[in-house]
Each structure stands twice: as structure tokens, then as C-alpha cells.
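Below is one structure, written out as C-alpha cells; the observations come after it.
The values are calculated or read from the model by the stated rules, or taken from the named source; none is laboratory data. These numbers were taken from a predicted model, which means no experiment stands behind them. Note that each Cβ is placed from the backbone with ideal geometry, even for glycine, and that neighbours are counted across all protein chains shown.
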């Protein structure tokens, strides 16, 4: 079982790379809406969930006025970001369980699952070396998404001038 400090370090890194990557959506919004960065910041901050921001970017990319190459690059990056959002959401919306030594032993999701007969909550997953590896892979993938977004931003002279 990993030490609590190792878990918290990775969760902190996950949040750090996520926030930095999500903030790049400001430039993508500005580009797709053909507005100045200041207006894109207002749009970005008005949408108060990651899901809403990604949905907006995807919808703008799908407009007929969006060049095909831009559409492909943006939709690809958003698909990758949505996939990684599951890991981020897991670690930002869970309860941590501790063992007798005070180390994190598992996570319990704070989500309801309801069917006709019962209500369940809190899928429990062990915090083990496999889970730590998944965290590391997610962090690395978010960094790669960030690099892809930066490459897209740098390839567009209009975005760079914002």
C-alpha cells in the first residue's frame, strides 16, 4: 500500500496539470469564437464546470465555420481530456479510507447509483500500486494533452496574438 504522502503528492500533481491544461481552453474558446482573450475569459469563467467548458469547445469545433483541421485537432484533444476527467473527478469527489497505520487504503466514490429496487453509493476501490500507476499514467496523459493544445495554439497566429 502506498504511503499517504505519495498518494497526496500524485493527487496534487493531477490537479495541477489538470488546472493548467483546462485553462488553455480559454485560448481555444477565443479562437473558435473569434473573440479577444478577455471575452473568452468571461465565457470560460461563466461556465463553472469542466464538463460545460468541454461541451462548449466541442460544439464550437463542430460548427461549419470551423476549418476541418481545427475541428479534428480540437475534438481529438477534447476526447482525450474527457477520458482523463474520470480520474480527476474520482480523486476530487471521493472519500478516502484509512488503514490502522493511518495510510490511505481505498477510495469511495461519492456518487449514487439507483435502479428500481435500491439505491447504492460509493464504489470502493483499493489504493494500491496498480492505482498509483493509473494515477501516474493519467498525469502523463494530461501533460501530453496540454502539449497538443499548446502546439495547436502556436500553429495559429491569431491565437498567439491574443
For a quick check of your reading of the model, give me the residue pairs whose first member lies in region 50-71 and is under 13 Å from residue 29 (Cα atoms), whose second is at pLDDT 95 or above and in a loop (DSSP other than H, G, I, E, B), with beta-carbon atoms closer than 7 Å and at least 6 apart or on different chains.
53/47; 56/47; 60/66; 71/62
Considering each residue of region 103-125, count those that are under 12 Å from residue 7 (Cα atoms) and more than 20 Å from the chain's Cα centre (by Cα), and give that number.
4
Hey, residue 13 hits all of (1) touching a residue at least 40 places away in the same chain (Cβ under 8 Å); (2) closer than 19 Å to residue 87 by Cα; (3) surrounded by 19 or more Cβ atoms within 10 Å (Cβ to Cβ) but one; which does it fall short on?
(3)
Give 156, 146, 138 a once-over and let me know the one that is surrounded by 13 or more Cβ atoms within 10 Å (Cβ to Cβ), farther than 24 Å from residue 91 by Cβ and touching a residue at least 12 places away in the same chain (Cβ under 8 Å).
156
Sort out which residues of region 35-49 are loosely packed, with under 10 Cβ neighbours inside 10 Å and within 13 Å of residue 60 (Cβ to Cβ), and write them in order of number.
none
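Only one of 110, 78 is in contact with a helix residue (DSSP H, G or I) (Cβ under 8 Å, 6 or more places away or on another chain) and either modelled with pLDDT of 95 or more or surrounded by 12 or more Cβ atoms within 10 Å (Cβ to Cβ) (or both). Can you tell me which?
78 is the lone residue from the list that is in contact with a helix residue (DSSP H, G or I) (Cβ under 8 Å, 6 or more places away or on another chain) and either modelled with pLDDT of 95 or more or surrounded by 12 or more Cβ atoms within 10 Å (Cβ to Cβ) (or both).
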Filter pass, residue 136 being in contact with a helix residue (DSSP H, G or I) (Cβ under 8 Å, 6 or more places away or on another chain), assigned to a helix (DSSP H, G or I) and more than 14 Å from residue 24 (Cβ to Cβ):
yes
